[in-house]
Amino acid sequence: MAEVCSICEGAGLRVVEREGRQFAEECVCRIQERASRRLKRAAVPRRYEHCTLESYETGFPSSHRSQAAALMRAKKFVESYPLETDGTGLLLTGSIGVGKTHLATGILQALVVERGATGLFYDYRDLLKQVQNSYNRQVQETELEILRPVFEAEVLVLDELGAAKPTDWVWDTVAHILNTRYNDRRTTIITTNYANLPPLTSVGGDAGRLREETLGDRIGERMRSRLQEMCVVVEIQGEDFRQKVKRASFA
């Protein structure tokens, strides 16, 4: 049985007094319930539900100063939303385990709870799989029905951009999503494990010795360039937190 709010006794409103006059205003319990519903609709995976800006760790021994700087940038972004951000998003780049997804999820949750925004979390690979699956005749949803909430989300977190194998179809789908949100001036927060660099083919001209792929390799230079207009780039460095600090155990 749900607990009854001790402030409003379940009415959802409370009486306040200002300048000798009494007014009814929403109780904090109703505001929290509404925020909770928005968080549920944001579809943050259970693995990341605990990820808030307050729980983002920057003081462990192997931490990098860029992680603390990224946290400050994230908090400033939330404080500035939406008037100063004006549709501009964030592109969080860095190697595996430096906290990009934690930070992106923390921003999303803060925007929903503190700024009253609505949002949506999507893993890049899962989104592409859902779109591909819509071509199956036995599936009822169309590509447009799957992508409409992605297009229309006030704030979209797109996690691990570039993780899917690059093909012409993948590039077209990415272009469709990013261009639609860019044109509608909707806020997009993106994480990627790939360096924010144009596509290259080799190191030092040695065609036989390939270097690590870049974001330009994975999504195409045209879309990487578009991201520079859509998002402020936040580069996060450091060692893999999961390997150094938070390894799984049964203890």
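The values are calculated or read from the model by the stated rules, or taken from the named source; none is laboratory data. Model, not experiment: these values are computed from the prediction. Cβ placement follows ideal geometry from the backbone for every residue including glycine, while neighbour counts extend to all protein chains displayed. Note: accessible area is taken over every heavy atom of the protein model, side chains too, but ligands, DNA and RNA are not part of it. Shrake-Rupley method; radii C 1.70, N 1.55, O 1.52, S 1.80 Å.
Please work out which residue is surrounded by the fewest Cβ atoms within 10 Å (Cβ to Cβ), limiting yourself to the range 133-148 and to residues that are hydrophobic (A, V, I, L, M, F, W, C) and assigned to a helix (DSSP H, G or I).
Leu144
I'm told Gly20 meets every condition in (1) exposed (fewer than 12 other Cβ atoms within 10 Å of the Cβ); (2) at pLDDT 90 or above except one. Can you identify the failing condition by its number?
Result: Gly20 fails condition (2) only.
Residues being modelled with pLDDT under 95 and open to solvent by 40 Å² or more (accessible area, probe 1.4 Å): count how many of those fall in the range 66-95.
Taking the range 66-95 first, the residues modelled with pLDDT under 95 are 82-87, 95.
With open to solvent by 40 Å² or more (accessible area, probe 1.4 Å) added as a condition, the list becomes 82-84, 86, 95.
Number satisfying all stated conditions: 5.
Would you confirm whether or not the range 39-47 contains a residue that is among the hydrophobic types (A, V, I, L, M, F, W, C) and either open to solvent by 70 Å² or more (accessible area, probe 1.4 Å) or farther than 27 Å from Gln228 by Cα (or both)?
yes
Could you please give the count of residues in the range 112-131 that are in a helix (DSSP H, G or I), touching a residue at least 12 places away in the same chain (Cβ under 8 Å) and over 15 Å from Ile190 (Cβ atoms)? I'd like the intermediate steps shown before the answer.
Step one: of the range 112-131, the residues in a helix (DSSP H, G or I) are 112-115, 124-131.
Filter once more, so that each one left must be touching a residue at least 12 places away in the same chain (Cβ under 8 Å): 112-115, 124-125, 127-128, 130-131.
Those left that are additionally over 15 Å from Ile190 (Cβ atoms): 112-115, 130-131.
Within the range 112-131, residues that are in a helix (DSSP H, G or I), touching a residue at least 12 places away in the same chain (Cβ under 8 Å) and over 15 Å from Ile190 (Cβ atoms) number 6.
What number of residues within the range 153-198 satisfy the criterion of being in a helix (DSSP H, G or I), touching a strand residue (DSSP E or B) at 6+ places or on another chain (Cβ under 9 Å) and not β-branched (Val, Ile, Thr)?
Residues meeting the conditions: 3.
How many residues does the range 149-168 contain that are at pLDDT 95 or above and either farther than 19 Å from Thr192 by Cβ or surrounded by fewer than 13 Cβ atoms within 10 Å (Cβ to Cβ) (or both)?
4
Is there a residue in the range 80-102 that is assigned to a helix (DSSP H, G or I) and either more than 27 Å from Ala163 (Cα to Cα) or touching a His at 6+ places or on another chain (Cβ under 6 Å) (or both)?
yes
Here are some conditions: (1) in a helix (DSSP H, G or I); (2) at pLDDT below 95; (3) open to solvent by 60 Å² or more (accessible area, probe 1.4 Å). Ile7 meets all but one. Which one does it not meet?
Just one mismatch for Ile7, condition (1).
Scan the range 170-193 for residues that are over 17 Å from Asp217 (Cα atoms), touching a residue at least 24 places away in the same chain (Cβ under 8 Å) and either open to solvent by less than 10 Å² (accessible area, probe 1.4 Å) or not aromatic (Phe, Trp, Tyr) (or both) and jot them down.
Listed by number, the residues that qualify are His176, Ile177, Asn179, Thr180, Arg181, Asp184, Arg185, Arg186, Thr187, Thr188, Ile189.
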